[in-house]
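**Student:** Quick one: the structure is below, and I'll ask about it shortly.
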Amino acid sequence: MAAEAADVAANGGMIQTSDAAKDNYANGLRLTVALSVGFAIVLGVVRIMKGWPIHRLIIGGYLLVVAMTMVAPPSIIGIAYDSGGVTTSTITVPLVTALGVGLATVIKGRNPMVDGFGLIAFASLSPMIFVMAYGMVVA
């Protein structure tokens with residue numbers, strides 16, 4: 001997906017059409033998505049440990065996505081939304097869900113059925129925010 005996004009950015013005039021520029025853009029996009037998923041998992045773990053209500057974080061995150069959508073370059077919005085879906089792979093979902101449920105199981109006062117889920121929502125939400133921010137910085 002990152003390589004195709006770099007081609008689209010080059011064709012749209014956002015970056016140079018050289019292979020080096022496309023590779024830099026694609027690698028920056030990959031790094032942005034990877035760091036955003038890592039941030040999301042850390043945020044989800046802190047949420048479980050502190051007992052923060054998930055609905056406030058999710059609603060706040062999606063309000064931020066909507067606000068950023070209004071000001072982000074149109075060429076990055078589709079890529080940002082797709083990057084949220086890319087993070088939910090066949091490896092990520094079971095691994096991250098097991099992390100959340102396991103953590104909620106071992107922390108006293110946490111219910112694994114209530115507190116253990118939601119990490120995947122963060123892992124899908126944060127790449128949208130980070131990629132739109134990346135598009136605003138690069139463009």
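The values are calculated or read from the model by the stated rules, or taken from the named source; none is laboratory data. Keep in mind it's a predicted model, so treat the numbers as computed, not measured. Glycine gets a Cβ as well: all are built from the backbone with ideal geometry, and neighbour counts include every protein chain shown. SASA here: full protein model, heavy atoms, side chains in, ligands and nucleic acids out. Shrake-Rupley method; radii C 1.70, N 1.55, O 1.52, S 1.80 Å.
**Student:** Would you pick out the residues in segment 84-97 that are of a type in the set (V, I, T) and either assigned to a helix (DSSP H, G or I) or in contact with a strand residue (DSSP E or B) (Cβ under 8 Å, 6 or more places away or on another chain) (or both)? Give the steps one after another, and end with the answer.
**Tutor:** Keep residues of segment 84-97 that are of a type in the set (V, I, T), which gives 86-88, 90-93, 96-97.
Of everything in segment 84-97, those that are of a type in the set (V, I, T) and either assigned to a helix (DSSP H, G or I) or in contact with a strand residue (DSSP E or B) (Cβ under 8 Å, 6 or more places away or on another chain) (or both) turn out to be V86, T92, V93, V96, T97.
**Student:** Next question. Suppose we filter segment 1-28 for residues that are closer than 21 Å to T92 by Cα and in contact with a Gly (Cβ under 9 Å, 6 or more places away or on another chain); how many remain?
**Tutor:** Final tally of qualifying residues: 1.
**Student:** Further question: Restricting the search to segment 103-128, which residues are small (G, A, S) and outside any loop (DSSP other than H, G, I, E, B)? Steps first, answer last, please.
**Tutor:** If we filter segment 103-128 for residues that are small (G, A, S), which is where we start, we get 104, 109, 116, 118, 121, 123-124, 126.
Across segment 103-128, the qualifying residues are A104, A121, A123, S124, S126.
Yes/no per residue for (1) of a type in the set (D, E); (2) touching a Phe, Trp or Tyr at 6+ places or on another chain (Cβ under 8 Å); (3) open to solvent by less than 50 Å² (accessible area, probe 1.4 Å):
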site: E4; (1), (2), (3): yes, no, no
site: V8; (1), (2), (3): no, no, no
site: A20; (1), (2), (3): no, no, no
site: L31; (1), (2), (3): no, no, no
site: L35; (1), (2), (3): no, yes, no
site: V45; (1), (2), (3): no, no, yes
site: W52; (1), (2), (3): no, no, no
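**Student:** I would also like to ask the following. Let me confirm something: among G60, G84, G118, which residue is within 17 Å of F39 (Cα to Cα), open to solvent by less than 80 Å² (accessible area, probe 1.4 Å) and in contact with a Pro (Cβ under 7 Å, 6 or more places away or on another chain)?
**Tutor:** Working: G60 fails: in contact with a Pro (Cβ under 7 Å, 6 or more places away or on another chain); G118 fails: in contact with a Pro (Cβ under 7 Å, 6 or more places away or on another chain).
Matching residue, one of G60, G84, G118: G84.
**Student:** Here is a follow-up. Does P73 qualify as being more than 27 Å from A2 (Cβ to Cβ) and touching a helix residue (DSSP H, G or I) at 6+ places or on another chain (Cβ under 7 Å)?
**Tutor:** Values: more than 27 Å from A2 (Cβ to Cβ): no; touching a helix residue (DSSP H, G or I) at 6+ places or on another chain (Cβ under 7 Å): yes.
Judged against the criteria, P73 is not a match.
**Student:** Return the pairs, sorted by first residue and then second, in which the second residue is open to solvent by less than 50 Å² (accessible area, probe 1.4 Å) and of a type in the set (G, A, S), the first residue lies in segment 36-56 and is more than 16 Å from A104 (Cβ to Cβ), the beta carbons are less than 6 Å apart, and the residues are 6+ apart or on different chains.
**Tutor:** Partner pairs satisfying both residue conditions: S36/S126; V37/A123; F39/S126; A40/A123; A40/S126.
**Student:** Can you tell me which residue among G135, G100 is assigned to a helix (DSSP H, G or I), at pLDDT below 90 and either open to solvent by less than 30 Å² (accessible area, probe 1.4 Å) or touching a strand residue (DSSP E or B) at 6+ places or on another chain (Cβ under 6 Å) (or both)?
**Tutor:** Working: G100 fails: at pLDDT below 90.
Sole residue among the options that is assigned to a helix (DSSP H, G or I), at pLDDT below 90 and either open to solvent by less than 30 Å² (accessible area, probe 1.4 Å) or touching a strand residue (DSSP E or B) at 6+ places or on another chain (Cβ under 6 Å) (or both): G135.
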